[in-house]
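The values are calculated or read from the model by the stated rules, or taken from the named source; none is laboratory data. Predicted, not measured: the structure shown is a model, and the values here were computed from it. Virtual Cβ from ideal backbone geometry, glycine too; neighbours counted across all protein chains shown. For accessibility, only protein heavy atoms count, side chains too; no ligands or nucleic acids. Shrake-Rupley method; radii C 1.70, N 1.55, O 1.52, S 1.80 Å.
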Amino acid sequence: MRIPKLTIFAKETGVEIAPSEKKQNGRPEEGRVAFRFFRLAAGRQHIRFVAEPCEAFEISRKIAQVEASGGKETFTHRYESTDGETITKLTVECYERHGRKGYAFSIQRGEESINVAAPQGEFLFAAEFLKQLSVAQSWVSWVEPDAPKQQAASPA
């Protein structure tokens with residue numbers, strides 16, 4: 001089986017974007033989009049962020065907007081669990097250094113953050129990849145319930 005996946009590497013960091021699934025006991029499975037930001041150094045933690053398909057589409061839209069107009073856009077995701085609320089901020093930006101334009105993805109959760117620089121082509125490809133993946137992952141498992149069995153009419 002082939003699974004679509006996009007990985008962007010920078011000097012010491014990277015980001016991987018791939019399809020994912022949400023599985024909960026007693027509920028149907030649902031499609032999601034997973035982001036995994038990582039450092040290339042051995043033993044370093046990564047930050048995994050799972051987005052709903054509409055959130056992945058919104059991130060795609062923000063990437064395209066930043067590439068066209070410059071600046072910075074942040075997507076904030078809140079997740080409530082038994083451990084409390086987890087806030088993740090995913091930022092896409094266009095910056096200029098030494099007279100050259102650059103693009104980057106960054107993620108922040110608590111005190112931890114990872115920044116991944118990307119060439120313009122990979123930045124725009126990520127937008128298109130997210131756009132397509134958001135549609136492909138818009139699904140929910142559905143099992144057709146058993147139809148009630150009809151009893152045969154008894155002869156009178």
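Within 10 Å of each candidate Cβ there may be at most 16 other Cβ atoms; applying that plus a DSSP loop requirement, which GluC sites (Glu not before Pro) in region 22-115 survive? Don't skip to the answer; put the middle values down first.
On the way: sites: GLU29, GLU30, GLU55, GLU58, GLU67, GLU73, GLU80, GLU85, GLU93, GLU96, GLU111, GLU112; in loops: GLU29, GLU111.
Listed in order of number, the matching sites are GLU29, GLU111.
Using DSSP loop states and a limit of at most 15 other Cβ atoms within 10 Å to flag chymotrypsin sites (Phe, Trp or Tyr not before Pro), what is the longest stretch of the chain containing no flagged site? The reported range is 1-138.
Pairs of Lys residues in region 1-153 that lie 8 or more places apart, or on two chains, and have C-alpha atoms under 16 angstrom apart add up to 6.
When Rg is the radius of gyration of the Cα atoms in the chain and Rh is its Kirkwood radius, what does Rg/Rh come to? Kindly include the intermediate steps, with their values, before the conclusion.
Values: Rg = 20.7 Å, Rh = 17.6 Å.
In the chain, Rg relative to Rh is 1.18.
Helix-only arithmetic for the chain: the sum of -39500 (n - 2.57) across DSSP H runs with n ≥ 4, divided by the residue total, places the mean residue ellipticity at 222 nm at -7500 deg cm²/dmol. Remark: the chain carries 69 Å² of accessible area per residue (probe radius 1.4 Å; ligands, DNA and RNA excluded). Near the amide H of GLU29, within less than 5 Å, lie the amide hydrogens of SER141, all on another chain or at least 5 residues away, with H placed in the peptide plane. Summary value for the chain: 23 percent relative contact order, contacts being C-alpha pairs under 8 angstrom separated by 6+ residues.
When you filter the trypsin sites (Lys or Arg not before Pro) in region 40-78 for DSSP loop state and at most 16 other Cβ atoms inside 10 Å of their Cβ, you are left with ARG44.
What percent does the relative contact order of region 6-91 come to when contacts are Cα pairs within less than 8 Å and at least six residues apart?
Numbers: 118 pairs, mean separation 14.5, N = 86.
17 percent.
Classified by the C-alpha gyration tensor, region 1-69 has an oblate form. Its axis ratio a/c, with a ≥ b ≥ c, is 1.5 or above, and a/b does not exceed b/c.
What a 1.4 Å probe finds exposed on region 2-156 is 48% carbon and sulfur by accessible area, rounded to a whole percent.
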